[in-house]
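Asker: Have a look at this one before I ask anything.
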Amino acid sequence: RDLFTEIIFRTGSLIPHFLILDDPGRAEDDVQAAIARWPQETYTLHQHSVDRSLAQIAIYRGDPAGALEAAQGCWKRLDGSLLRRIAVVRAHAGDLLLRAQLSAVPDRGREATLKAAGAGIRRLRKEDLPWTDALAELAGAQVALLDGSATAAAEGFDRAIDQLDGANMPLHEAAALW
């Protein structure tokens, strides 16, 4: 058996499947069962995938505090790891942290969320990739909406939709249209 591939698959690709089926408990159980089989000495791609999955499950469940805790833990562990040097890993973690921060408005308050989200958007833009720019634009539109600027939000969503289309991200584009 290829334990490496199995764990990456069970802690990554299967998560959206279980969430689409509205079964976050099964998603979390699968993540925990998979990672239990992997050595825990260092922070590896597997642990990073687990952190991301648990934060995504918390966002899906409507648990902003859990999502923020998982995403901040992911970012902190990534900070001390060589994985931080990999742009796609860094960008995924930054996007996750940003989404968790935006979900935490009720718990953290609008001002704290706007400040944290602004930093997260700048972090995504620094990656300078078409898909990170599109995600930053989408988050910027959400921030404008939170800030009470309907016109800026509508313009931001329009730009995000165009960028998401150009980055071949149809699911994100559909969410922005919704």
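Asker: Among ASP107, ASP165, which is in contact with an Asp or Glu (Cβ under 9 Å, 6 or more places away or on another chain), over 30 Å from GLN40 (Cα atoms) and of a type in the set (Asp, Glu)?
Answerer: Unique residue meeting the criteria: ASP165.
Asker: Could you please find all residues in region 39-76 being of a type in the set (Phe, Trp, Tyr), at pLDDT 90 or above and open to solvent by less than 60 Å² (accessible area, probe 1.4 Å)?
Answerer: Scanning region 39-76 gives a single hit, TRP75.
Asker: Continuing with this model, one more query. Can VAL50 be described as within 14 Å of the chain's Cα centre (by Cα), under 17 Å from ARG10 (Cβ atoms) and part of a helix (DSSP H, G or I)?
Answerer: Yes; evaluated as a whole, the condition is true for this residue.
Asker: Of everything in region 134-169, what is of a type outside the set (A, V, I, L, M), closer than 12 Å to ALA117 by Cβ and in contact with a Leu (Cβ under 8 Å, 6 or more places away or on another chain)? Give them in sequence order.
Answerer: GLN142, ASP147 - these are the residues of region 134-169 that are of a type outside the set (A, V, I, L, M), closer than 12 Å to ALA117 by Cβ and in contact with a Leu (Cβ under 8 Å, 6 or more places away or on another chain).
Asker: In this structure, is LEU78 part of a helix (DSSP H, G or I) and without any contact (Cβ under 8 Å) to a residue 24 or more places away in the chain?
Answerer: Against the criterion (part of a helix (DSSP H, G or I) and without any contact (Cβ under 8 Å) to a residue 24 or more places away in the chain), LEU78 does not qualify.
Asker: With modelled with pLDDT of 95 or more and open to solvent by 70 Å² or more (accessible area, probe 1.4 Å) as the only criterion, which of THR132, THR151 stands out?
Answerer: Of THR132, THR151, the one residue that is modelled with pLDDT of 95 or more and open to solvent by 70 Å² or more (accessible area, probe 1.4 Å) is THR151.
Asker: If you don't mind, there's one more thing I want to ask. From (1) modelled with pLDDT under 90; (2) hydrophobic (A, V, I, L, M, F, W, C); (3) touching a Phe, Trp or Tyr at 6+ places or on another chain (Cβ under 8 Å); (4) open to solvent by 20 Å² or more (accessible area, probe 1.4 Å), pick out the condition that doesn't hold for LEU19.
Answerer: With (1) modelled with pLDDT under 90; (2) hydrophobic (A, V, I, L, M, F, W, C); (3) touching a Phe, Trp or Tyr at 6+ places or on another chain (Cβ under 8 Å); (4) open to solvent by 20 Å² or more (accessible area, probe 1.4 Å) applied to LEU19, the lone miss is (1).
Asker: For region 108-124, state whether one or more residues are modelled with pLDDT under 95, over 18 Å from the mean Cα position of the chain (by Cα) and not in a helix (DSSP H, G or I).
Answerer: Yes, region 108-124 contains at least one residue that is modelled with pLDDT under 95, over 18 Å from the mean Cα position of the chain (by Cα) and not in a helix (DSSP H, G or I).
The values are calculated or read from the model by the stated rules, or taken from the named source; none is laboratory data. Because the structure is a prediction, the values reported are computed rather than measured. Methodologically, a virtual Cβ is constructed for each residue, glycine included, from the backbone with ideal geometry; neighbour enumeration extends over all protein chains shown. SASA here: full protein model, heavy atoms, side chains in, ligands and nucleic acids out. Shrake-Rupley method; radii C 1.70, N 1.55, O 1.52, S 1.80 Å.
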